[in-house]
Amino acid sequence: MEFPFDVNALFPERITVLDHNLTAGRKALGRQDPQRQIATVIDELGKASAKAQQLAAPITTAVKLQTNRHHLYLLKEGESNGGKGVAVGFLKVGYKKLFLLDQQGAHVETEPLCVLDFFVTENLQRHGYGLELFSFMLQHKRVEPVRMAYDRPSPKFLSFLGKHYGLKDCVPQVNNFVVFDGFFRDKSAVQLRKTLPKKPEGEIKPYSLTEREVVREEQRALPWPFARPTAPPLSPPLSLSSPYSRSLSVDSSPSRGPFRGNPAPGPHRNQTPHSQYIENMNCRARRTSSLNRSQISFH
């Protein structure tokens, strides 16, 4: 793919690795910021890849590359276009957390390196550029093709993998990713999804112990009579018409024991000093009255 600007000046190496920074090398003195031109190359290659795969919209753009932790390997041919160079194709990879099915149908949670987009310009296909680009990525990432997952591979890409790497038997999945036989052989390559054990029905409670303590503290903080009693009263409260009922006040208790009746009359009755004084005065008055009656009767 040709461009009006110098591709060799943008990408000094034959294969350039781009990330979210969109930088391919040092900025030359007196030269404009190359990120805009690099973004143009990525966007045009992404559009061509989407058209070749008959997609509604490109899945590779400069903006998407800047917002994700993906790596884009861009291959150029420096001798073409009058020495300015041309963009041959690209390969985009990144790690994805996937839920896959193994050969036995068990759910597996894993985060492998995935091929997200792969494209070589149509007029330059079948010249070994795709194999050169893919082999460079494998060496750079130090990964085997069987340990990778492939996002919606085209029939051409599947034929490419089977021809050069012997990947033919794929494990059916419910999503758009394709993995091949051998992906689940190495226990270190995948991580089995751990399911939490279900609690027995007897242990299910309306709220936790911590919430119970919070409710108790809130009840203690409220002044009586707004606080809810922690235990039922010993006996029902007396009616207001009862002569033995006490008026509700801050110092009175909301729950009292049952009334035991009037104290038994007699000399052993408990008396206050005031009542005892009144009774003594009454006795003295009765004695004086009886003495006066006796003197009147004597005369």
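Apart from one condition, Pro34 fits all of (1) over 24 Å from Val171 (Cα atoms); (2) in contact (Cβ under 8 Å) with a residue 60 or more places away in the chain; (3) out of contact with any Pro (no Cβ under 6 Å at 6 or more places or on another chain); (4) buried (at least 16 other Cβ atoms within 10 Å of the Cβ); the exception is (2).
Residues that are more than 30 Å from Phe5 (Cα to Cα) and either in a loop (DSSP other than H, G, I, E, B) or open to solvent by 60 Å² or more (accessible area, probe 1.4 Å) (or both) occur at least once in segment 123-141. So is Leu98 more than 25 Å from Glu44 (Cα to Cα), aliphatic (A, V, I, L, M) and out of contact with any Lys or Arg (no Cβ under 8 Å at 6 or more places or on another chain) or not? Here the answer is yes, as Leu98 does meet what is asked.
Candidates are the residues of segment 87-97 that are open to solvent by less than 10 Å² (accessible area, probe 1.4 Å) and touching a residue at least 40 places away in the same chain (Cβ under 8 Å); the one that is nearest to Gly182 (Cα to Cα) is Val93. Evaluating Phe157 against the criteria (1) part of a helix (DSSP H, G or I); (2) open to solvent by 30 Å² or more (accessible area, probe 1.4 Å); (3) in contact with a strand residue (DSSP E or B) (Cβ under 8 Å, 6 or more places away or on another chain) leaves one unmet condition, (2). Using the structure shown, decide if Leu55 is under 30 Å from the mean Cα position of the chain (by Cα), of a type in the set (A, V, I, L, M, F, W, C) and within 24 Å of Gln173 (Cα to Cα). For Leu55, the condition - under 30 Å from the mean Cα position of the chain (by Cα), of a type in the set (A, V, I, L, M, F, W, C) and within 24 Å of Gln173 (Cα to Cα) - is not met. Scan segment 65-81 for residues that are assigned to a strand (DSSP E or B) and either surrounded by fewer than 13 Cβ atoms within 10 Å (Cβ to Cβ) or in contact with a Ser or Thr (Cβ under 9 Å, 6 or more places away or on another chain) (or both) and the total you get is 5.
Could you check how many residues of segment 41-53 are in contact (Cβ under 8 Å) with a residue 60 or more places away in the chain and either in contact with a strand residue (DSSP E or B) (Cβ under 7 Å, 6 or more places away or on another chain) or assigned to a loop (DSSP other than H, G, I, E, B) (or both)? Outline the logic, then answer.
Filtering segment 41-53 for residues in contact (Cβ under 8 Å) with a residue 60 or more places away in the chain gives 45-46, 48-49, 52-53.
From what's left, either in contact with a strand residue (DSSP E or B) (Cβ under 7 Å, 6 or more places away or on another chain) or assigned to a loop (DSSP other than H, G, I, E, B) (or both): 45, 48-49, 52-53.
The total comes to 5.
Residue-wise test of (1) closer than 21 Å to Leu124 by Cβ; (2) touching a Ser or Thr at 6+ places or on another chain (Cβ under 9 Å); (3) part of a loop (DSSP other than H, G, I, E, B); (4) modelled with pLDDT of 95 or more.
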{"site": "Arg26", "(1), (2), (3), (4)": "no, no, yes, no"}
{"site": "Ala39", "(1), (2), (3), (4)": "no, yes, no, yes"}
{"site": "Leu55", "(1), (2), (3), (4)": "yes, yes, yes, no"}
{"site": "Pro58", "(1), (2), (3), (4)": "yes, yes, yes, yes"}
{"site": "Gly83", "(1), (2), (3), (4)": "yes, no, yes, no"}
{"site": "Gly89", "(1), (2), (3), (4)": "yes, yes, no, yes"}
{"site": "Gly105", "(1), (2), (3), (4)": "no, no, yes, no"}
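The values are calculated or read from the model by the stated rules, or taken from the named source; none is laboratory data. Because the structure is predicted, anything quoted here is derived from the model rather than measured. FYI the Cβ positions are ideal-geometry reconstructions off the backbone, even for glycines, and counts take in every protein chain you see. Just the protein is used for accessible areas: all its heavy atoms, side chains included, with ligands, DNA and RNA removed. Shrake-Rupley method; radii C 1.70, N 1.55, O 1.52, S 1.80 Å.
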